[in-house]
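Below you'll find the structure, written out as structure tokens, and then a few comments.
The values are calculated or read from the model by the stated rules, or taken from the named source; none is laboratory data. Since we're looking at a predicted model, the values are computed, not measured. Ideal geometry is used to build each Cβ from the backbone, glycine not excepted, and the neighbour counts take in all protein chains shown.
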Amino acid sequence: MSATNVPYAMECREFEAANRELNAFVAVHHSSEGHPRQTDPSKGPDLALGCWCRDDRVTTVAVKDNIQVEGFPLTAGLAVPVLRCDESVSGTWVKWLVRQGLVVTGKTNMYELGYGAPGCGVPPSVNPWDHSLIPGGSSSGSAAAVAAGLCSVALGTDAAGSVRIPAEFCGVLSYKPSGKQGWHKDGVWPGGPSTLDAIGVMARDLDLLAQAVPSPGDGGEPDENTDSRTLPDSDLQTPCLGILDLEGEEVDEDYAVLLDGVRSWAQDRGYPTVSVRLPGLGSPVRDAIWKIFAYEYSRALESRLTGEARAVLSAPSHQLLTDGPKTSPEDYSAALSARRRFKHQYAQELSGCDAVVTPVTPVRPYSLVWSRAFAQCQEDDPSGSPIDLSNVEALLTRKTRYTAPINLVEYPTLTLPMRLHRDGLPVGIQIVSVPENENEMWSIARRMWQDIGPQRIRRDGSGQMHGSFVDT
């Protein structure tokens, strides 16, 4: 049984009640008025469009609120839509989904400016599995909406793991393309030469995920004649699967059990496996990523962020705007040179493998209170005790250890939830391939999902998530 066999049809009142607890949406499509309605951040979302999430095909899509959708305001995680963007256009991926017959349910909540933490002006999204925990970021609302069945699929953006990590924390699947093609990031605010970012998509099942991804075709921009990606019907003859060597990695034993299960599955199917060590998981790659991100993103923000928006920014966003411009053109050029070296090293390490499997993140979902404290939205926990933020930088760096390097080398990835961690929350894998092997990556994922993917995820009346995953 796959996750799609669970019924997710909901009446309007159920949809609204679930979202009031999750804060997944910041604006929704109003079925009777025919236009979007902005939610009141002080009261939480007030939704009017119920969602019928069919189990056999994609019908509705939620879109992260830094991606342009015609007729919708764009807030990028701020309390008011005061960003400079054109509300009369949609991004290429959004337009393609609409041409496929999907209804845009609404715009989803996100970390402020897609960076660091939830802002202070908008109630943060919560994890459907445990409302006291983060759903991951920055595509937090998209992941929560998919996990709770408030939409069929959702779009997010991913510059260092912002689609894959929320998908992991919320127990759903995700796909991030290489990001090399212009339409992979068309319509993403603030625009500019973002070489790390790419739009990604999340769903509860691999078939649904594939339906929301344009077929690669000739590699051009998808149009009205472009079909959805088709999952391969036949297996590769003898795909070679690389599995990350966890020796020396700071992960608990659940991750070793997870990867051992994948290795056993591959061997049972007669697939050869090899242990791999991905280059640059330490400080050199992090330094290159930060310099590229800071240089590109801070300069794009300069012309697209109004004075009113600047006045309501949280501390991490202010720091980005202050520190980002300090990255010089020389620093940026050196980071791009390092990027080219890492690409060569990754190509060598992955040569001979059709795909490589890693954990998504070594970090488990942490407290919303802690996340809000990082954004300086609050100083004490509910008991009145001060919140210790001494390890914040190390934690945030660790969180993207396995995801950020993949953006640097511009490889496509899929993530699959595979089992429950000892903490009772989902844990999954990241499947990575070089762009030329993307079809093989999808083929491996299809067989793995059929054989050892999760059996069931369900939402009870309170909006809490429960699940029983196949032991691998």
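Would you please name the residue that is nearest to Ala210 (Cα to Cα), looking only at residues in the range 96-132 that are part of a strand (DSSP E or B) and out of contact with any helix residue (DSSP H, G or I) (no Cβ under 9 Å at 6 or more places or on another chain)?
Checked the range 96-132; the qualifying residue nearest to Ala210 (Cα to Cα) is Val103.
Are any of the residues in the range 53-68 farther than 20 Å from Arg164 by Cβ, at pLDDT 90 or above, touching a strand residue (DSSP E or B) at 6+ places or on another chain (Cβ under 6 Å) and assigned to a loop (DSSP other than H, G, I, E, B)?
No, that holds for no residue.
Within the range 208-223, is there a residue that is charged (D, E, K, R), in contact with a Ser or Thr (Cβ under 9 Å, 6 or more places away or on another chain) and modelled with pLDDT of 90 or more?
No, because not a single residue in the range 208-223 is charged (D, E, K, R), in contact with a Ser or Thr (Cβ under 9 Å, 6 or more places away or on another chain) and modelled with pLDDT of 90 or more.
Go through (1) farther than 30 Å from Asp451 by Cα; (2) surrounded by 15 or more Cβ atoms within 10 Å (Cβ to Cβ); (3) at pLDDT 90 or above; (4) in contact with a Lys or Arg (Cβ under 8 Å, 6 or more places away or on another chain) one by one and return the number of the condition Tyr295 breaks.
Looking at each condition in turn, Tyr295 falls short on (4).
Could you tell me how many of the residues in the range 256-271 are in a loop (DSSP other than H, G, I, E, B) and in contact with a Pro (Cβ under 8 Å, 6 or more places away or on another chain)?
Qualifying residue count for the region: 1.
When the residues of the range 301-329 are narrowed to those that are within 19 Å of Glu393 (Cβ to Cβ) and among the hydroxyl-bearing types (Ser, Thr, Tyr), which ends up modelled with the lowest pLDDT?
Out of the qualifying residues, it is Ser314.
Do you know which residues across the range 426-462 are of a type outside the set (A, V, I, L, M), crowded, with 20+ Cβ neighbours inside 10 Å and at pLDDT below 50?
Arg459
Would you be able to tell me the number of residues in the range 208-220 that are surrounded by fewer than 19 Cβ atoms within 10 Å (Cβ to Cβ) and either touching a residue at least 60 places away in the same chain (Cβ under 8 Å) or within 16 Å of Thr413 (Cα to Cα) (or both)?
Final tally of qualifying residues: 2.
Do you know which residues across the range 298-326 are surrounded by 20 or more Cβ atoms within 10 Å (Cβ to Cβ), among the polar types (S, T, N, Q) and not in a helix (DSSP H, G or I)?
Ser314
Do any helices (runs of 4 or more DSSP H) lying entirely in the range 368-425 carry at least 2 residues that are at pLDDT below 95 and of a type in the set (Lys, Arg), and which ones are they?
392-399
Provide a single number: the residues in the range 344-360 that are part of a helix (DSSP H, G or I) and either more than 25 Å from the chain's Cα centre (by Cα) or within 12 Å of Ser275 (Cα to Cα) (or both).
Qualifying residue count for the region: 5.
I'm trying to understand the selection: among the residues of the range 125-164, which are of a type outside the set (Val, Ile, Thr), crowded, with 24+ Cβ neighbours inside 10 Å and farther than 18 Å from Leu416 by Cα?
Ser125, Ser138, Gly141, Leu150, Cys151, Ala159, listed by residue number.
So Gly248 clears everything in (1) in a loop (DSSP other than H, G, I, E, B); (2) in contact (Cβ under 8 Å) with a residue 60 or more places away in the chain; (3) more than 21 Å from the chain's Cα centre (by Cα) except one condition, right? Which one?
Condition (2) is where Gly248 drops out.
On the basis of being over 20 Å from Val153 (Cβ atoms), among the hydrophobic types (A, V, I, L, M, F, W, C), modelled with pLDDT under 95 and surrounded by 13 or more Cβ atoms within 10 Å (Cβ to Cβ), does Leu236 make the cut?
Judged against the criteria, Leu236 is a match.
Run down Gly121, Gly136 and say which single residue is out of contact with any Ser or Thr (no Cβ under 6 Å at 6 or more places or on another chain) and closer than 18 Å to Pro73 by Cα.
Selected residue: Gly121, the only one of Gly121, Gly136 that is out of contact with any Ser or Thr (no Cβ under 6 Å at 6 or more places or on another chain) and closer than 18 Å to Pro73 by Cα.
Name the single residue that is farthest from the chain's Cα centre (by Cα) among those in the range 256-292 being of a type in the set (S, T, N, Q) and surrounded by fewer than 17 Cβ atoms within 10 Å (Cβ to Cβ).
Restricting to residues being of a type in the set (S, T, N, Q) and surrounded by fewer than 17 Cβ atoms within 10 Å (Cβ to Cβ), the top hit is Gln267.
Any chance the range 248-258 includes a residue that's touching a Leu at 6+ places or on another chain (Cβ under 8 Å) and within 25 Å of Ala210 (Cβ to Cβ)?
No.
Residues checked against (1) within 17 Å of Glu438 (Cβ to Cβ); (2) of a type in the set (Lys, Arg); (3) assigned to a helix (DSSP H, G or I):
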{"site": "Ala210", "(1), (2), (3)": "yes, no, yes"}
{"site": "Glu224", "(1), (2), (3)": "no, no, no"}
{"site": "Asp254", "(1), (2), (3)": "no, no, yes"}
{"site": "Leu281", "(1), (2), (3)": "no, no, no"}
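Condition (residue is modelled with pLDDT of 80 or more, closer than 26 Å to Gly77 by Cα, surrounded by fewer than 24 Cβ atoms within 10 Å (Cβ to Cβ) and not small (Gly, Ala, Ser)) applied to the range 351-358: is it met by at least one residue?
no
Yes or no: Pro365 modelled with pLDDT of 80 or more and assigned to a loop (DSSP other than H, G, I, E, B)?
yes
Looking at Ser298, Ser264, Ser283, can you tell me which residue is under 30 Å from Ala334 (Cβ atoms) and touching a residue at least 24 places away in the same chain (Cβ under 8 Å)?
That would be Ser298, the only listed residue that is under 30 Å from Ala334 (Cβ atoms) and touching a residue at least 24 places away in the same chain (Cβ under 8 Å).
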